[in-house]
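Let me begin by presenting the structure, written as C-alpha cells, before commenting on it.
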Amino acid sequence: MRTISIILPFFKYKHYFKECLQNLAQSTFKDFELIVVLDHPTEDIDDLLEEYNSIFDMRVYTLPEGVTGVAACRNVGIQQAKGAYLYFLDSDDYVLEDTLQNMIKAMDHDVDMVYGKLNHTWNNKANYLHKVENKEVDEEDQEEREQRRLNKLSNFVSFASYEKDEQQAHAIFYTMDNRRGIRTFTVLGNLYSRDFVVRNNFKFNEDFRYYSDMTFMCPLLEKLNTALRVENAIYVKRKHNDPINEPALSQEENDNRFNERCDAVEYTRILLKEEGVVRFCLDRKIVSYFVSKMSKRIRRSQDDLWRTDYFERIAKTIDGIRPEVMNRYKRNSKKMVACLQNRDLKGVQSCVRRKLGIKKFFRVFKNKNVLFKLAYYHIYSKKPIQDNVILFETFMAKNYSDSPKYIYEYIAKNYPGKYKCVWALNDGHEVPYGAEVVKRFSFKYAYYLAISKYFVFNVRQPLWYRKREGQVFVETWHGTPLKRLVFDQEEVTSASPKYKQQFYRQRQEWDYLVSANPFSTKTFRSCFMYEGKMLEYGYPRNDILYWPNKDEIAKDLRKKLGISEDKKTILYAPTWRDDEHYGKGEYKFTLALDLKLMMEKLSDEYVVLLRTHHYIADNIDTTGLEGFVYNLSKYDDISEIYLISDICITDYSSVFFDFANLKRPVLFYTYDIEKYKNQLRGFYIDMNTEVPGPLLYTSEEVVDAILNIDQINEEYKERYEEFYKRFCCYDDGNASKHIVEEVFK
Ligand code: C2G
C-alpha cells in the first residue's frame with residue numbers, strides 16, 4: 001500500500017496540468033499513488049497521461065456521462081484511494097519538492113490530519129521561487145509576524161467562546177484560506193488520514209460547483225481529534241493571470257454563484273452540531289461576506305438583482321445564524337445585519353454609505369494623492385465634455401515624443417487655433433506650438449481626463465480613468481511587437497498580476513488603435529483581443545524619417561549634441577528585462593556591452609549614442625568614456641536620434657522596426673536571448689531567421705561586426721529587403737496626416 005493517495009481532478013487547461021505533473025515529478029517523497037479523475041476534458045491529454053504513467057503509480061478515472069464537477073472527481077478519488085493518507089491537488093496548482101516529505105514526517109505521530117500552508121501565486125514555479133528567494137526577509141519582522149499570528153489565534157479561540165473546541169479552532173484558523181479578508185473553507189494543502197475520512201464518510205456535495213469544499217471540510221473539522229501543523233509544507237495555489245480566456249473556478253463568472261453560496265452554507269449547517277466553533281465560523285463567513293463584499297454591490301451595482309432577489313436570498317441565510325456570531329462585529333456592521341434581517345434595504349444602503357464614506361476619509365487622510373481622483377469622479381466628470389480639447393501623453397508623461405508628438409505637431413501646424421491641446425509631462429517642460437502642459441496625476445490632469453473630447457496616448461490610460469460617452473480615445477501604442485504581449489504572454493512576471501484583466505477592460509475604451517504594418521494589425525488583434533477600428537497608416541513617429549528636410553534636422557542635432565562631423569555614430573538602444581526591477585516601473589540595467597573595448601577598437605571612426613529604455617532607473621556610468629559615449633537616455637525623442645545614427649545596435653527592443661525605415665545596418669546584441677525567449681517573454685518572429693541583421697553574443701563579436709559592416713550589409717541585403725517590405729510598408733511620411741484626417745474629421 002502506498003503512503004499517500006494524491007487526488008487530482010482535471011477539467012481543462014492542459015498547460016497548467018503539465019506543469020502540475022512536472023512539479024510533482026520533482027517531489028522528494030515518491031511513495032504516492034496518483035489518482036487522476038477526468039471531468040470530460042475537451043483537450044487531448046493522452047500524451048501527457050502516457051508520459052506520466054511511466055513515472056508515477058497512476059490510475060486514471062473518468063466521470064460518468066451526466067456527472068461533472070470537482071466535487072464528483074474528488075469523491076471518485078476518495079473511493080478509489082488505497083493509500084494511508086489523502087492529499088487533494090488541483091491540476092492548475094503545484095507542490096514544492098519537499099511539501100509531501102515534510103507532511104509525512106509529521107504524520108509519524110498518527111494524527112487525523114496534518115495541515116500545511118497554502119501560498120497564492122500568479123506564477124509558475126520558477127518565477128514563484130525566484131520571487132520568494134528575492135524577497136528580503138527581515139528576521140525580526142518574521143518573529144513579530146509569528147507572534148502576531150499566535151495572538152490572533154488565541155484571540156480567535158476565546159473570541160469564539162468555544163474553549164472546549166480548541167483543537168477545531170486551531171484547525172479552522174490554519175486551514176481556512178484567508179484571502180482578501182474573507183476566510184474560505186478549503187481542502188487544499190492538508191494531508192488527511194484516509195481511515196478518518198472513510199470511517200466518517202466525509203464527502204463533497206456534488207450539487208455545488210464552487211462551494212463544495214465546505215460540505216467536506218466543516219463536518220471533518222468538527223470530528224477532528226488530533227491534528228498537527230507543518231509550517232514548511234507548501235501548497236501553491238495558482239491564480240490564472242488570464243481570467244478572461246482561462247478563468248479558474250474562483251474567477252468564473254456565473255449567475256448561479258451567488259445562490260449556490262447561500263445554498264451551500266445552509267446545506268452544511270445541517271451536517272453540523274447546532275453549537276460549536278465550526279458552525280460559528282460557517283455563520284461568520286456568510287455574515288462577513290455580506291458585510292464586506294455584498295453590501296458594496298447592493299449600493300453600487302447596476303444590476304438590480306443585488307437589491308431584490310439576492311437581497312432576499314442572503315437575508316434568509318443570515319436569518320439562520322447563531323446569535324453569538326454578531327458579538328464582535330462593529331456597530332455599523334451589526335446595524336447593517338439587523339436592517340437585512342428586517343428586510344430594510346434603505347437601512348442597509350445607508351450603513352454601507354457610512355462605511356464607505358469612513359473608508360474614503362481615511363484613505364484621503366493617509367494619502368492626499370488620491371484627492372485628484374476624487375475630484376475626477378465627483379466634480380470634473382460632471383462637467384460637460386469640451387469638443388475642442390485634446391489630451392496627449394507618451395510613456396506615462398516621461399517625455400515629449402513618439403507618435404502623439406507627431407500627431408500633435410501636424411494638428412498644430414495645419415489647424416492652428418482649432419483645438420486646445422494639452423500635454424501631460426512630468427517634468428513640466430514647455431512644448432512647441434504652445435500646448436498647455438500638465439503634470440500626470442495632478443488635479444489639472446484629472447480635469448483634462450474628464451473634460452477632453454480626444455485622447456492621443458502611446459501607452460495605456462490610467463486605471464482609474466473611466467471613459468465618458470462622447471470621448472474619443474486614440475491609442476497609438478509604442479512599437480511593432482517583437483516580444484509577446486498581454487494575452488499572448490503565458491506568464492506576466494513584471495506587471496500587476498491583474499494585468500490581463502485590466503487590459504481587457506482598458507482596451508474596450510480605445511476607439512482607434514494605430515498599426516504600423518499588417519503584422520502589427522494581426523498581432524494586436526490577438527494580443528490585445530482588440531476588435532475596434534485599426535488605423536493602418538504607419539507610425540506617425542516615423543514620419544520624420546521621410547521628411548525632405550531630415551538631413552538638415554540631423555545636422556542641427558549633431559551640432560546641438562556636440563558630435564564632430566567626421567565621426568560616424570552607433571546607436572545602442574537595448575530594452576528592459578521583466579525580472580530585473582527595483583519597484584513598480586523602475587528597472588535595473590546592467591550594461592553588458594563592453595564600451596571600453598569599443599572605444600579602444602572603434603573610436604577613430606565612431607562614437608556611441610547610448611540610449612536606455614525609459615523604464616530603466618539606473619544611470620549608466622560612462623566615466624572615462626567622455627567624447628566617445630554620448631548618453632542620450634534622457635533625450636526626448638528617439639526618432640530624431642535615428643536620423644543621426646549610422647548603425648543601430650539593439651537586443652529585443654522594437655526600435656529596429658522603425659530604424660529599418662532608414663535602411664541603415666542593424667546589429668542585435670542578444671547575449672541573454674535564451675533566457676529572454678524561454679523564461680521572460682518569447683517572440684512573435686524568429687530572431688534567427690527574420691530580423692534584418694546578425695545576432696551577436698559577445699562584445700568582441702559586436703566590434704568585429706562593426707569593423708566589417710560592409711560585408712554584413714552585403715550578407716543581410718536580401719533579408720533586409722524582405723523585412724523592409726513586411727514591416728515598413730505603410731510608412732511614407734504621411735501617417736500623422738492620414739490619422740488626423742480620419743479621427744478629427
Ligand atoms: N525606446 C527608446 N529607447 C530604448 C528602447 C526603446 O526610446 N532604449 C522606445 C522606442 O520608441 C521603442 C519603444 O520605446 O519603440 C518601446 O520600447 P521596447 O524596447 O520595444 O519595449 P516596450 O516598451 O516593452 O514595448 O509593441 C511594442 C512593445 O510594447 C514593446
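The values are calculated or read from the model by the stated rules, or taken from the named source; none is laboratory data. Here the structure is a predicted model, which means the values were calculated and not measured. Because the Cβ atoms are built from the backbone with ideal geometry, glycine has one as well, and the counts that use them run over all protein chains shown. When the accessible area is computed, the model is the full protein with side chains, heavy atoms only, and any ligands, DNA or RNA have been set aside. Shrake-Rupley method; radii C 1.70, N 1.55, O 1.52, S 1.80 Å.
Using C-alpha pairs under 8 Å with a sequence gap of at least 6, the mean separation divided by the residue count of the stretch 542-701 gives a relative contact order of 27 percent. On the accessible surface of the stretch 601-671, probed at 1.4 Å, how many percent belong to carbon and sulfur atoms? Exposed carbon and sulfur together represent 41 percent of the surface. Pairs from the table (14/125; 439/533; 483/533) lying more than 26 angstrom apart at Cα are 439/533.
Relative to the first principal axis of the alpha-carbon coordinates of the chain, what is the inclination of helix 402-414, with its axis defined by its Cα atoms, in degrees from 0 to 90 and to the nearest 10? Helix 402-414 and the main axis of the chain meet at about 50 degrees.
Dipole magnitude for the chain: computed about the Cα centre from +1 point charges on Lys and Arg Cβ and -1 point charges on Asp and Glu Cβ, it is near 4940 debye. When you count the other C-beta atoms within 10 angstrom of each residue and take the mean per peptide, 197-205, 252-260 line up highest first as 197-205, 252-260. Out of every Cα-Cα pair that the chain contains, those further apart than 35 angstrom amount to 57 percent.
Solvent-accessible surface of the stretch 19-133, averaged per residue with a 1.4 angstrom probe and all protein chains in place: 42 square angstrom. In this calculation the C-beta distance from residue 97 to residue 377 is compared with R0 = 35 Å, giving a FRET efficiency of 0.10. Packing-based ranking of 294-300, 89-95, 665-671 yields 89-95, 665-671, 294-300, ordered from highest to lowest mean Cβ neighbour count within 10 Å. Starting from the Cα of residue 566, step 7 Å toward the Cβ, then list every residue of the stretch 623-637 with an amide N under 16 Å from that point. Those under the cut-off are 628.
Label-to-label distance, residue 328 versus residue 685, with points set 7 angstrom from Cα along the beta-carbon direction: 6.2 nm. Note on residue 303/residue 534: beta-carbon distance plugged into 1/(1 + (r/R0)^6) with R0 of 41 Å gives a FRET efficiency of 0.80.
Take the stretch 483-591 with all the other protein chains still there, run a 1.4 Å probe, and you get 45 Å² of accessible area per residue. Rounded to the nearest 10 degrees, the inclination of helix 345-366 to the longest alpha-carbon principal axis of the chain is 50 degrees.
Contour minus end-to-end for residue 469 and residue 364, with contour as 0.36 nm per residue of separation and end-to-end as the Cα-Cα distance?
35.0 nm
What a 1.4 Å probe finds exposed on the stretch 290-359 is 49% carbon and sulfur by accessible area, rounded to a whole percent.
Here's the picture: a label point sits 7 Å out from the Cα of residue 700 along the beta-carbon direction, and within the stretch 654-671 the residues with their amide nitrogen under 16 Å of it are 671.
For the stretch 405-539, a crude dipole built from +1 on the beta carbon of Lys and Arg and -1 on the beta carbon of Asp and Glu, taken about the Cα centre, is about 260 debye to the nearest 20.
Estimate the FRET efficiency between residue 427 and residue 631 by the formula 1/(1 + (r/R0)^6), using the beta-carbon distance for r and 25 Å for R0, to the nearest 0.05.
E between residue 427 and residue 631, to the nearest 0.05, is 0.90.
Toward the positive end of the charge dipole of the chain, with +1 on the Cβ of Lys and Arg and -1 on the Cβ of Asp and Glu, the farthest Cα among 695, 744, 625 is that of 744. On the stretch 13-73, 50 percent of the accessible area sits on carbon and sulfur atoms, based on a 1.4 Å probe. Within the same chain, lysines fewer than 8 places from residue 359 are excluded, and of the rest, those with a Cα less than 24 Å from its Cα are 152, 285, 293, 296, 330, 334, 335, 346, 368, 373, 382, 498. For the listed peptides 110-116, 169-175, a ranking on the average number of other beta carbons within 10 Å per residue, highest first, reads 169-175, 110-116.
Each other residue within a Cβ distance under 15 Å of residue 603 adds +1 if Lys or Arg and -1 if Asp or Glu, for a net charge of -3. In this structure the stretch 227-313 gives 44 Å² per residue of accessible area when probed at 1.4 Å with all protein chains present. Which percent, nearest 5, of DSSP beta bridges in the stretch 548-648 are antiparallel? Taking every DSSP beta bridge within the stretch 548-648, about 15 percent pair in antiparallel fashion.
Please check which bits of the stretch 538-562 a label hung off residue 415 would reach, taking the label as a point 7 Å along Cα-to-C-beta and the cut-off as backbone N under 17 Å. It comes to 540, nothing else. Nearest 10 degrees is fine. How inclined is helix 277-288 to the longest principal axis of the chain, computing both from alpha carbons? That works out to roughly 40 degrees.
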